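Data first, discussion second: the structure below is written as structure tokens.
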Amino acid sequence: MAYAALMPTKLGLEGSHDQIHRLRTTTTCMNVDNLSKAVFVRGAHADKLKVKGPVKMPPKVLHIKSALSCVEEKTGFKDFLHINDFDKETILTILDRAKEVKALLKSGERTYLPFKGKTMAMIFAKPSMRTRVSFETGFFLLGGHAIYLGPKDIEMGKREETRDVARVLSRYNDIIMARLFAHQDLLDLANYASVPVINGLTDYNHPCQIMADALTMIEHIGQIEGTKVVYVGDGNNIVHSWLLLAAVVPFHFVCACPKGFEPDKETVEKAQRAGVGKIEITNDPKEAVKGADVVYSDVWASMGQKEEAAYRRQVFQGFQVDEELMKIAGPQAYFMHCLPAERGVEVTNGVIEAPNSIVFPQAENRMHAQNAIMLHSLGL
């Protein structure tokens with residue numbers, strides 16, 4: 001259906017150029033690119049319409065006022081970039097929603113389709129089996145269609161500027177998920193996108209993973225609050241996300257890592273200043289795990305650090321999660337790992353296959369936690 005732009009100077013309408021430019025594509029709003037003040041008239045021959053003098057408004061007209069209300073509605077949608085962007089109540093509400101939707105899918109119910117008619121762009125600068133399959137499958141099961149954009153499809157900041165990628169994808173999709181290296185690229189993407197942006201991982205943090213971990217803890221322990229989570233290994237993006245969760249939900253988080261591999265100092269201080277959870281950074285894993293509800297591990301050399309793998313194996317000696325360390329933690333301790341795991345390196349095969357290992361329920365919960373995050377971000 002064609003739309004003709006009528007200049008509001010002839011109609012007495014109000015609305016700035018910036019406001020018009022920011023109109024979003026929804027079921028009630030048309031997309032607008034580089035147009036000055038305008039209203040849009042529906043009609044098969046609208047492209048041929050010529051305006052002379054005062055114009056009586058046709059019955060089907062998008063008024064500037066109603067169009068701008070769509071902008072306000074859109075800006076109410078939420079990006080999911082850092083866990084501490086949300087308060088405790090919101091985080092727990094999202095996790096409750098994850099449990100509900102998980103139970104629905106487990107029951108075989110396939111009529112709940114909140115994402116029907118919606119598309120999601122998935123940007124992968126970093127490849128990943130779990131992130132792609134969990135997002136794509138979850139979005140599909142709830143009625144949506146996900147589009148995979150691999151490292152060669154989009155090279156943000158190289159082949160095309162991030163702000164241009166954000167604006168274009170926003171006009172094709174209802175939501176964007178990005179798994180990137182540089183955290184600043186994610187922030188820029190969210191800044192310029194007019195649809196919600198979900199952080200699928202950056203070098204700085206991995207909030208979707210920690211939401212899945214929290215869901216898994218609730219299922220097996222009954223709660224997050226008041227628990228003790230001990231991470232053993234490199235102070236990486238997983239640790240940063242745990243710290244940011246501890247800034248809004250009260251629990252005891254300990255990171256046991258070799259000297260020189262501590263998490264970002266500013267993030268540690270931010271979590272401590274929040275005064276919500278108890279935060280500890282130590283270089284003694286055996287002391288750290290005593291009384292832990294969860295012992296958590298991750299690879300010692302992440303993607304992009306593989307050239308350091310041999311060196312890190314030497315430095316991280318004594319930080320392997322083995323049967324002895326789990327025995328020190330106690331019989332109540334569960335083992336968790338965000339995967340992929342290098343068995344025999346940061347964790348032994350015996351620990352990952354033990355009855356108290358909840359690694360694979362944890363992996364499954366990526367999909368359910370992310371479904372709930374997307375529902376929240378889209379206001380559904």
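Keeping to the range 235-248, report how many residues are crowded, with 24+ Cβ neighbours inside 10 Å and of a type in the set (Val, Ile, Thr).
2
Could you list, in sequence order, the residues of the range 154-194 that are in a loop (DSSP other than H, G, I, E, B), over 30 Å from Ala271 (Cβ atoms) and touching a strand residue (DSSP E or B) at 6+ places or on another chain (Cβ under 8 Å)?
Initial filter on the range 154-194 (in a loop (DSSP other than H, G, I, E, B)): 154-155, 157-159, 161, 173-174, 180-182, 193-194.
Still in the list and also over 30 Å from Ala271 (Cβ atoms): 154-155, 158-159, 161, 173-174, 194.
Answer for the range 154-194, where residues must be in a loop (DSSP other than H, G, I, E, B), over 30 Å from Ala271 (Cβ atoms) and touching a strand residue (DSSP E or B) at 6+ places or on another chain (Cβ under 8 Å): Ile154, Asn173, Asp174.
For (1) basic (Lys, Arg); (2) closer than 11 Å to Phe80 by Cα; (3) free of Cβ contacts under 8 Å to residues at least 60 places away in the same chain, each residue gets a yes or a no:
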site	(1), (2), (3)
Arg159	yes, no, yes
Val168	no, no, yes
Arg179	yes, no, yes
Asp203	no, no, no
Ala214	no, no, no
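Within the range 253-260, is even one residue under 24 Å from Glu136 (Cα atoms) and outside any loop (DSSP other than H, G, I, E, B)? Before the answer, list the steps.
First pass over the range 253-260, keeping only residues under 24 Å from Glu136 (Cα atoms): none.
So far as the range 253-260 goes, no, none of its residues is under 24 Å from Glu136 (Cα atoms) and outside any loop (DSSP other than H, G, I, E, B).
Go over the candidates Lys270, Lys327, Lys278 one by one and state the one that is under 22 Å from His220 (Cα atoms), modelled with pLDDT of 95 or more and touching a helix residue (DSSP H, G or I) at 6+ places or on another chain (Cβ under 8 Å).
Details: Lys270 fails: under 22 Å from His220 (Cα atoms); Lys327 fails: touching a helix residue (DSSP H, G or I) at 6+ places or on another chain (Cβ under 8 Å).
The unique qualifying residue is Lys278.
Does the range 347-380 hold any residues that are among the charged types (D, E, K, R) and out of contact with any helix residue (DSSP H, G or I) (no Cβ under 6 Å at 6 or more places or on another chain), and which are they?
Of the residues in the range 347-380, the ones among the charged types (D, E, K, R) are 353, 364, 366.
Within the range 347-380, Glu353, Glu364 meet the criteria.
Would it be correct to say that Glu161 is within 30 Å of Pro250 (Cα to Cα) and surrounded by fewer than 15 Cβ atoms within 10 Å (Cβ to Cβ)? Walk me through it before giving the result.
On the way: within 30 Å of Pro250 (Cα to Cα): no; surrounded by fewer than 15 Cβ atoms within 10 Å (Cβ to Cβ): yes.
So Glu161 fails the test.
Hey, any hits in the range 269-292 for a residue that's in contact with a Lys or Arg (Cβ under 8 Å, 6 or more places away or on another chain), of a type outside the set (Asp, Glu) and farther than 25 Å from Ala247 by Cβ?
no
Filter the range 195-223 down to residues that are touching an Asp or Glu at 6+ places or on another chain (Cβ under 9 Å), part of a loop (DSSP other than H, G, I, E, B) and of a type outside the set (S, T, N, Q) and give me whichever is nearest to Gly277 (Cα to Cα).
Residue satisfying both the conditions and the ranking: Tyr204.
So, in the range 106-134, exactly how many residues are within 17 Å of Leu380 (Cα to Cα) and surrounded by 14 or more Cβ atoms within 10 Å (Cβ to Cβ)?
6
Which residue out of Lys50, Lys56, Lys37, Lys126 is modelled with pLDDT under 95, under 30 Å from Ala341 (Cβ atoms) and either in contact with a Cys (Cβ under 7 Å, 6 or more places away or on another chain) or assigned to a loop (DSSP other than H, G, I, E, B) (or both)? Lay out the reasoning, then the answer.
Working: Lys50 fails: under 30 Å from Ala341 (Cβ atoms); Lys56 fails: under 30 Å from Ala341 (Cβ atoms); Lys37 fails: under 30 Å from Ala341 (Cβ atoms).
Of Lys50, Lys56, Lys37, Lys126, the one residue that is modelled with pLDDT under 95, under 30 Å from Ala341 (Cβ atoms) and either in contact with a Cys (Cβ under 7 Å, 6 or more places away or on another chain) or assigned to a loop (DSSP other than H, G, I, E, B) (or both) is Lys126.
Mind listing just one residue for me: the one in the range 338-369 that is part of a helix (DSSP H, G or I) and among the polar types (S, T, N, Q) and, of those, surrounded by the fewest Cβ atoms within 10 Å (Cβ to Cβ)?
Taking the candidates together, the pick is Asn349.
If the requirement is being within 22 Å of the chain's Cα centre (by Cα) and of a type in the set (Val, Ile, Thr), which of these qualifies: Ile198, Ile279? Reasoning before the result, please.
Details: Ile279 fails: within 22 Å of the chain's Cα centre (by Cα).
It is Ile198.
For Glu308, are the conditions met, namely being part of a helix (DSSP H, G or I), under 25 Å from His252 (Cβ atoms) and not polar (S, T, N, Q)?
Values: part of a helix (DSSP H, G or I): yes; under 25 Å from His252 (Cβ atoms): no; not polar (S, T, N, Q): yes.
So Glu308 does not fit the description; no.
Looking at Gly138, Gly143, which is the one that is within 25 Å of Ala212 (Cα to Cα), touching a Pro at 6+ places or on another chain (Cβ under 7 Å) and not polar (S, T, N, Q)? Can you show your working first?
Working: Gly138 fails: touching a Pro at 6+ places or on another chain (Cβ under 7 Å).
None of the other options fit; the residue is Gly143.
Of the residues Pro263, Pro250, which single one is more than 25 Å from Arg343 (Cβ to Cβ) and under 24 Å from the mean Cα position of the chain (by Cα)?
Numbers: Pro263 fails: more than 25 Å from Arg343 (Cβ to Cβ).
Exactly one of Pro263, Pro250 is more than 25 Å from Arg343 (Cβ to Cβ) and under 24 Å from the mean Cα position of the chain (by Cα), namely Pro250.
Residues being more than 14 Å from the chain's Cα centre (by Cα) and β-branched (Val, Ile, Thr): count how many of those fall in the range 149-187.
4
Against the condition surrounded by fewer than 19 Cβ atoms within 10 Å (Cβ to Cβ), touching a Phe, Trp or Tyr at 6+ places or on another chain (Cβ under 9 Å) and not in a loop (DSSP other than H, G, I, E, B), how does Glu280 come out, does it pass?
Details: surrounded by fewer than 19 Cβ atoms within 10 Å (Cβ to Cβ): yes; touching a Phe, Trp or Tyr at 6+ places or on another chain (Cβ under 9 Å): yes; not in a loop (DSSP other than H, G, I, E, B): yes.
Judged against the criteria, Glu280 is a match.
Leu380 passes all but one of (1) among the aliphatic types (A, V, I, L, M); (2) in a loop (DSSP other than H, G, I, E, B); (3) within 26 Å of Pro127 (Cα to Cα); which number fails?
Unmet condition: (3).
Mind checking whether some residue in the range 286-299 is under 20 Å from the mean Cα position of the chain (by Cα) and in a loop (DSSP other than H, G, I, E, B)? Walk me through it before giving the result.
Going residue by residue through the range 286-299, those that are under 20 Å from the mean Cα position of the chain (by Cα) are 298.
Applying the additional criterion that residues be in a loop (DSSP other than H, G, I, E, B) yields 298.
Among the residues of the range 286-299, at least one is under 20 Å from the mean Cα position of the chain (by Cα) and in a loop (DSSP other than H, G, I, E, B), which makes the answer yes.
For a quick check of your reading of the model, give me the residue pairs whose first member lies in the range 302-325 and is of a type in the set (D, E, K, R), whose second is in a helix (DSSP H, G or I), with beta-carbon atoms closer than 6 Å and at least 6 apart or on different chains.
Sorted first by the residue in the range 302-325, then by its partner, the pairs are Glu323/Gly350.
The values are calculated or read from the model by the stated rules, or taken from the named source; none is laboratory data. Small disclaimer: the values here were computed from a predicted structure and weren't measured. Glycine also receives a Cβ, built like all others from the backbone with ideal geometry; neighbour counts cover every protein chain displayed.
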